[in-house]
Amino acid sequence: MKKLDYQYALQPDWQSDVLLKKQNTSNRSNLTLADEAGFAELTQDEFTWLLSFSYQSTHKKKQGCISVFFKNEDQNTVGHSQFFEANQQGARHLNLSGLLAKDKTLHQLQLAFEHCKAPTEAKLLGFKKPNLADGPILIIAPHADDAELAAYGLYSNFADQVWITTINAGQNLQSLDRQYISGLDENISDATQRKAQIRAWNSMTTPLLAGVKLDRLSSLGYFNLTKESLYQTPKEPQSDKAFPALTPQISRTFNTLKLPNDEQNISCGELLIEDLTSLLEQIKPSTVLVTEPEIDPHPEHIMSAYALALAIDKSSHVPNRVLMYVNHLRKIKNFPYGLEHARTALAPWYDTKSIFGHYSCYSYQLDINTQKDKVVSFDSMHDLRSKPRIQKIFKKWWHSKILKSHYKYYGYHNYFLTHIKANEVFTFVDGQIFSQSLIHSIEQDKKH
């Protein structure tokens, strides 16, 4: 069995030791807090709650499942499940956010363990939720669909405050047989141009489903930029090999916001930073969402975070906080684990040190209707419309008919499984700390 501890530079606002005692008549465990008085003084629903515990799988292939049970207002038993790796052990976090409130104490919760061992002790970590109602929210998506994958639930429930900008054209096409519509274009240049146009359309229309207004959406159309090009060659124009005529303008057709690069129409790091600076100064967001540059390994996701840091440093407006999300992982394709609509916590990570020093955690709960709306938002994205290849059809049949695993399989792309969950989870830091930390890391890179 592989031992692997999830470790983070988390800084909880409240914590307490917890004892878990197994009931004699069932496989369920009750929880007892060491600091009952301190917990009672808190307004529990104002916190994100994570139970830190030592996980141990008991099955080589089946994922461990921890279910949380409590009585609802009608005194019916309600269960919420979270899944963990098969054949592994180590430190993990169970997301209890939304389950602890004034009318639900920790004693009312019961934990049931399947394909994993029940621990005897744990630690309850509480993180004060950010006040997202304190101003505009700007979501920075590296590509069309990143905002939906990470935060559709959040932005649909804050639609009146939300602005979304998509940085990259997303035009890359590996081959003609990977077109959205087979055989539509006969050469790679035309197909690349069409893909850029379609992804711009996706980024500018899908948020309308959630009630975000068109004049609060923008598509920037940059391409071939990296973290390094932002500060090593910021003025160098980029070109696309498959479609040399590509410019940012192809993605800006539907924009109503005026931005500095509208007229120059060049893909380069300096102009991206100017556009983001302009967005900060026009919108004046109190909250900005962007990809987590330490954990998410996608080069254009990392670049997007660093571009935001440089823009904040240049801007006259500094957001109160930056929330960070993770849509890609190194060598892990099935996280968040488990069935659609299950709960989830922080993305796997293995370091207690961070370039940000410390950060907090925020879990946003989605009701079942919002989760289903999120499925529709995925279906509206051409890049998530995976073709029903024979392997995927067989896998769906095997899970449904043979394993009876209760997967929904809303779509053939893996994101329809992994990212339709009951929680959207973010880390967050102060806006000034976010900017200064990443700029400091750039300066350290230059020295080396």
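Please identify, among Gly183, Gly211, Gly79, the residue showing maximal mean-square fluctuation in a Gaussian network model of the chain using a 10 angstrom Cα cutoff. Answer for the Gaussian network model of the chain: Gly183. Computed over the chain, the per-residue total of -39500 (n - 2.57) for DSSP H runs of n ≥ 4 gives a 222 nm mean residue ellipticity of -8000 deg cm²/dmol, rounded to 500. Structure remark: mean-square fluctuation, Gaussian network model of the chain, C-alpha springs under 10 Å; the largest value among Phe158, Phe335, Phe394 belongs to Phe394. Relative contact order of region 149-284, taken over Cα pairs closer than 8 Å and 6 or more residues apart, is 25 percent. Among the protein heavy atoms of region 280-348, carbon and sulfur supply 50% of the accessible surface, probe 1.4 Å, non-protein parts ignored.
Taking 0.36 nm per residue of sequence separation and removing the Cα-Cα distance, the Asp367/His328 pair yields an extension gain of 11.6 nm. Scoring 362-372, 300-310 by mean Cβ neighbours within 10 Å over their residues and listing the highest first yields 300-310, 362-372. For the set Tyr325, Tyr410, Tyr415, solvent exposure ranked by accessible area (probe 1.4 Å, protein chains only) runs largest to smallest as Tyr410, Tyr415, Tyr325. Taking a ≥ b ≥ c as the square roots of the eigenvalues of the alpha carbon gyration tensor, region 1-156 is oblate, as a/c is not under 1.5 and a/b does not beat b/c. Considering only Lys421, Lys401, Lys333, the mean-square fluctuation computed in a Gaussian network model of the chain, springs between alpha carbons under 10 angstrom, is largest for Lys401. Under the criterion of Cα pairs below 8 Å and six or more residues apart, the relative contact order for the chain equals 18 percent.
A simple spin-label model places pseudo-atoms 7 Å from Cα toward Cβ; at Met1 and Lys61 they are separated by 1.9 nm. Against the criterion of solvent-accessible heavy-atom surface with a 1.4 angstrom probe, Trp398, Trp349 sort, most first, into Trp398, Trp349. Measuring between alpha carbons in the structure, the pairs from Lys60/Lys401; Lys123/Lys401; Lys258/Lys387; Lys2/Lys333 lying more than 28 angstrom apart are Lys123/Lys401; Lys258/Lys387. Taking every protein chain into account, the accessible area of the chain amounts to 46 square angstrom per residue (probe 1.4 Å). Highest mean first, the peptides 117-123, 250-256 sorted by other C-beta atoms within 10 Å per residue fall in the order 250-256, 117-123.
Of Lys374/Lys408; Lys241/Lys331; Lys61/Lys408; Lys195/Lys372; Lys331/Lys353, which sit over 23 Å apart, Cα to Cα? In this structure, Lys241/Lys331; Lys195/Lys372 lie more than 23 Å apart at Cα.
When both region 100-159 and region 205-232 are represented by their alpha-carbon centers, they are found 25 Å apart.
The values are calculated or read from the model by the stated rules, or taken from the named source; none is laboratory data. Just so you know, these numbers come straight off a predicted model, no measurement behind them. FYI the Cβ positions are ideal-geometry reconstructions off the backbone, even for glycines, and counts take in every protein chain you see. Ligands, DNA and RNA are stripped out before the accessible areas are found, and what is left, the full protein with its side chains, is counted by its heavy atoms. Shrake-Rupley method; radii C 1.70, N 1.55, O 1.52, S 1.80 Å.
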